[in-house]
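Every number here is computed from the coordinates shown, using simple stated rules; none is lab data. Keep in mind that what you see is a predicted model, and the values were worked out from it rather than measured. Positions of Cβ are generated from backbone atoms using ideal geometry, with glycine treated the same way; all protein chains shown enter the neighbour counts.
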Amino acid sequence: MIHCNMPSISDSLSLYLHIPFCAAKCSYCAFNTYIHLEHLIDDFVKAMKREIEIVGAGQGVGTIFFGGGTPSLLSPEQFVTLLEAINRSFAVQPDAEISLEANPNDLNRDYLTALRRAGLNRISIGMQTANANELKLFSRRHDNDAVAKAVSAAAGAGFDNINLDLIYGFPHQTMDSWETSLQQMLLLKPEHISLYALGLEPGTAMNAWVEGGRLPAPDDDLAADMYERASEVLAEHGFEQYEISNWSLPGRECRHNLQYWLNLPYAGLGPGAHGFANGVRYSVLLSPQKYIRALREATDAYPFPYSPATENATIVSRDAEISETLIMGLRLTQRGIPRLEFARRFGVDLLDLHGGTLQRYVDYGLLNVSDERVRLTEQGRLLSNMIFRELV
Ligand code: SF4
């Protein structure tokens, strides 16, 4: 069933703010994030405030997401500074979803109460696994008890929209340990769940361990079985899958991430952030030090969505926007691509554009095409990358 509260095409902008600091580097992580740079956080917040003022020109904003890195390394006062700047520079909707990603170790009741007062209303906690040995393999700085305490503190502080992340398909993980992690997570009663298959990224410790033979390579077949098992378990507990890697209780889909999957505009701020707005796809320079320097002296006006920290920008052609809309929209497992909405946005029926390819995947049992929409079948969710590659 398609939720009536699933947004369709909207004009509001989303804001992604990248906080590039971490207290420790996880073994699988390839994000643009740095350890031992916490002394830069004050200057960084000033720079980000300046970037907000340059990029903001009164645009309507429906969602704000502080991601990272570890945004929970910022103090409540620093969130207040950034959110006040956002409210002065953009027209933030009264019901805006305002999220942060957090490490469980950073979360206590006082901190969370202050964040809630500052306006944050959704929190995403990196649980990753309930197994102590697996947490060590990931070089995570928290233990499983810290997750339970963090969730309880968040609920006590008034957060009623909590996401937990888990990772599956990594070396030495067994189906038993996966089921334990799922069950432990469900005991914490989150409103939203993200399950990520481990990707071995170049430059990460985990990748080096696998390449050097210290760890076995991940088992893709076992990972697919884990995914299917998780889908069953989460459905039994009332969670609805709405995206390839995301499940929620009814009405608790992540509005911010939906903006990405619907290929709608978002401004990316902070080192290494990506954005798509005003027909331009762009990224912000990676280095926190260069970012701070670029914004420290900035006084000029810049056309939206640029700032002095913009590094790469590409004007998105209509063909590219169509491809991106297809491959991101197909990630939405229930919604898929509504054909009428697609035709209104691009002036062409999806089947006239890609009918042959789509029919082939219908024949393979990987896609479902109806008068209303095109979407992946359950089997198609496991092989989505193959379909996406062909639609690019
Ligand atoms: S806390 Fe998150 S961003 Fe930081 S190193 Fe670990 S996975 Fe990467």
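A few points about this structure:
- Residues whose amide H comes within less than 5 Å of that of Ser139, counting only those at least five positions distant or on another chain, are Ser27 (H built at 1.01 Å from N in the peptide plane).
- Partners for Lys25 among lysines (Cα-Cα distance below 17 Å; same-chain residues under 8 apart left out): Lys136
- Estimated inter-spin distance, Glu53 and Leu383, nm [label 7 Å along Cα→Cβ]: 5.5
- Peptides 340-349, 135-144 ranked from most to least packed by the mean count of surrounding Cβ atoms within 10 Å: 135-144, 340-349.
- All-pairs Cα distance distribution in segment 13-261, expressed in whole percent, bin size 5 Å: 1, 6, 13, 17, 19, 17, 13, 8, 5, 2, 0
- Peptides ranked, highest mean first, by Cβ atoms within 10 Å: ranges 218-226, 118-126, 78-86: 118-126, 78-86, 218-226
- In sequence order, segment 106-120 has phi-based couplings of 8, 9, 10, 4, 5, 4, 5, 5, 5, 5, 4, 5, 5, x, 5 Hz under the Karplus curve 6.51 cos²θ - 1.76 cosθ + 1.60, θ = phi - 60°, and Gly or Pro positions carry x.
- For the peptides 370-379, 22-31, residues were scored by their other Cβ atoms within 10 Å and the scores averaged per peptide; the highest-first order is 22-31, 370-379.
- If R0 is 25 Å, the Cβ-Cβ spacing of Gln183 and Phe31 corresponds to a FRET efficiency of close to 0.35.
- Overall dimensions of segment 336-391 as given by Cα atoms, namely Rg and Dmax in Å: 10.9, 31
- Phi angles of segment 345-361 translate, via the Karplus equation with coefficients 6.51, -1.76, 1.60 and θ = phi - 60°, into HN-Hα couplings of 6, 10, x, 8, 6, 4, 6, 5, 7, 10, x, x, 5, 4, 4, 4, 6 Hz per residue; Gly and Pro are given as x.
- If you take all other residues with their beta carbon under 11 Å from the beta carbon of Ser307, and give Lys and Arg +1 and Asp and Glu -1, the sum is -3.
- Working value for segment 238-351: equivalent-ellipsoid semi-axes of 32, 19, 10 Å, each the square root of 5 times a Cα gyration tensor eigenvalue, largest first.
- Taking θ as phi - 60° and the Karplus parameters 6.51, -1.76 and 1.60, the scalar couplings of segment 235-250 work out to 5, 4, 9, x, 8, 10, 7, 10, 8, 3, 10, 9, 10, 8, 5, x Hz in sequence order, x denoting glycine and proline.
- Amide H partners (placed H, <5 Å) of Ile19, local residues excluded: Gly67, Gly68
- Length available on full extension from Gln289 to Gln334: 0.36 nm per residue minus the Cα-Cα distance, which gives 12.0 nm.
- On full extension, the segment bounded by Asn312 and Glu390 gains 25.5 nm, given 0.36 nm per residue less the C-alpha separation.
- Expected 222 nm ellipticity per residue - DSSP helices of 4 or more, -39500 (n - 2.57), all of the chain, to 500: -12000 deg cm²/dmol
- Taking only the C-alpha atoms of segment 150-208, the Rg (one decimal) and the largest Cα-Cα distance, Dmax (whole number), read 14.3, 42 Å.
- Going from the residue with the fewest nearby Cβ atoms within 10 Å to the one with the most, Phe159, Phe65, Phe304 rank Phe304, Phe159, Phe65.
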